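The values are calculated or read from the model by the stated rules, or taken from the named source; none is laboratory data. Note that the coordinates shown come from a computational prediction; the quantities given were computed from them, not determined experimentally. Cβ coordinates were reconstructed from backbone atoms using ideal geometry, including for glycine residues, and neighbour counts include every protein chain displayed.
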Amino acid sequence: MQETLCIACIWFCGGSRSGSGVLTSRHSALETWVALYATVDGRLIATSPLVSPWHDPNYDAAKCDPLQEDWDVNLPTSIDAPYFQNQSCDPFTPQSSPCRIGNYLVYAIKVTKASNAAAGLDFAKRNNVRLVIKNTGHDLSLWRDNLKDISIRHYSSSYYMEKAMRMGAGVQACEAHGLGADQVLEWEPEKNKDLYWALSGGGAGTYGVVLSMAVKAHTDTRITGAMISLTQQGAEQAFWNGVTAFHAELPSYTKGGATVGYIIAQGQMSIQPVTFPGKSKADVENTMVPLKKKLDALGTLYQIDIREFSNYSSFFDYYYGPLTSGRLIPREVVTNNASSQAFTDVLEEISLDPNFVIIAMALGAYMNEGNFEEPDFQTQFFFGTN
C-alpha cells in the first residue's frame, strides 16, 4: 500500500496513483510509525474511516442515518472535498461495497507547534511519503485546525505602522472576518522576501507549512450591502446586455472600496452582495442610480435590495460573507467596450452548459499566483519584480 503523511493536520495517505512516493514494507514497519508517534508527542492519528459502519462487514443500521445526515469532513482524517475521496468509503454507496482507505490519508499529525510540522516534513522526506497540509487527503497529513491563537498588537515596519492581528493557521472565517489576500504582513515561520510573495495569494503550489500570519487590523465600521439580481424570463438579450452594463459599473464600485461577488446560473445573475465598507444606505442608493438607469433603458428585469449594518459581523452573518473565485479578470477587460462584450459572450457560452455555475468576485488581484515549479516565479506572475 502507498502511504501518505498530512501536516497541520500532517497526513499520510493511501492510494495507488503512479509516481507518488511509496513507503515500502521495509520502511513502513510498525517501529517506523511508533518512532514518529513518539517524536510528535503522541499526536499521530491513524485513519479509521468515519463511515465504516455503513459497509460490510461492520454494518450497523443504528449509525447509518446519522452518518448520512451529518457526514463530518472536518475531522483530521477526512477529505474536505468529498469528490476527491473517490467514494473510497462513504455513506452514499451500497452496503456491500468495500470500505477501503483508498484516497484517505493513512496517518495525520495534529500540529500544535512548529516542531510537530518539522517532524512530519522530515519523516516524509526520509521515507519518500506523500505529504498533505490540511486545515479544516492523502498520505501523511499535517492538521493545523488546532492552531487557533489570535492576538492584536501594534505592528511596526517601514511599510505599515498600525494595529495588526496575528492568527494561527487553524483560524476560520467565522472566527476572524476579512480577506487576507492583500492584507498579510508576514507569515510564520519564514521571514523571507521571496516566500512572502510566493505565499501571498492563491498560488498553484505549496512552498511550505504556514503556522500563523500577521494581517492588517481595521477598525470596525458600518457596512452596506446591495443584493442585485438580473433575470432572463424570456428576455435573453436584455439579460446579457444587463450583465455587460453591470460590468461597466464595476470599476466605479471597486475604486470606492467595494467588493463584489456574483453567480450566473439557470437564467439568473445574482450579485450577492456588492459590499460597501463605511457607506450608508443612502450613499449606496446614490451609487446604484447609474446602473438602474442603464438597466431600465435596456429593458433588463432586475431587483436591487440595499441593507445597512452597524458592523461587519452582522453583515457577515446576514450575507455569509463574500464568495471566492478561481480566475483573475484584469480591470481593462471591463473598461473597454469591445473586450467587455467579449467577456459577456464567454459567460453566456459557459452558462449554456448546466454543469457549470459562474461565480465571480471583484476584489482586485492577488499579490502573486506563482507556481513553485517555475524557477523565476518572482517575476513571471502578475506583478513582475517584487
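Points to keep in mind about this one:
- Residues satisfying the stated conditions in segment 128-148, i.e. over 20 Å from the mean Cα position of the chain (by Cα) and modelled with pLDDT of 75 or more: N128, V129, R130
- Of the candidates Q266, Q237, Q233, the single residue that is touching a Leu at 6+ places or on another chain (Cβ under 7 Å), outside the structural domain of V171 (by TED's automatic domain parsing) and surrounded by fewer than 21 Cβ atoms within 10 Å (Cβ to Cβ) is Q233.
- Within segment 141-163, restricting attention to residues that are among the aliphatic types (A, V, I, L, M) and outside any strand (DSSP E or B), the residue that is surrounded by the most Cβ atoms within 10 Å (Cβ to Cβ) is L147.
- Residues being at pLDDT below 75 and either under 30 Å from D283 (Cβ atoms) or in a loop (DSSP other than H, G, I, E, B) (or both) - total across segment 193-233: 8
- Number of positions in segment 72-87 that are part of a loop (DSSP other than H, G, I, E, B) and either at pLDDT below 70 or in contact with a Cys (Cβ under 8 Å, 6 or more places away or on another chain) (or both): 11
- Being farther than 12 Å from A226 by Cβ, at pLDDT below 90 and in contact with a Pro (Cβ under 8 Å, 6 or more places away or on another chain) is not true of R327.
- All of F309, F377, F315 fail the test of being modelled with pLDDT under 85 and farther than 30 Å from E236 by Cα, apart from F377.
- Matching strands (runs of 3 or more DSSP E) fully within segment 257-323 where at least 3 residues are more than 27 Å from the chain's Cα centre (by Cα) and either under 29 Å from I350 (Cβ atoms) or not acidic (D, E) (or both): 301-309
- Scanning segment 38-66 for residues being closer than 18 Å to C89 by Cβ, under 32 Å from the mean Cα position of the chain (by Cα) and either among the acidic types (D, E) or not assigned by TED's automatic domain parsing to the domain that holds T112 (or both) gives a total of 1.
- Whether a residue is farther than 22 Å from E348 by Cβ and part of a loop (DSSP other than H, G, I, E, B) was assessed, and T254 does not pass this test.
- The test for being farther than 16 Å from P290 by Cα and among the β-branched types (V, I, T) holds for V260.
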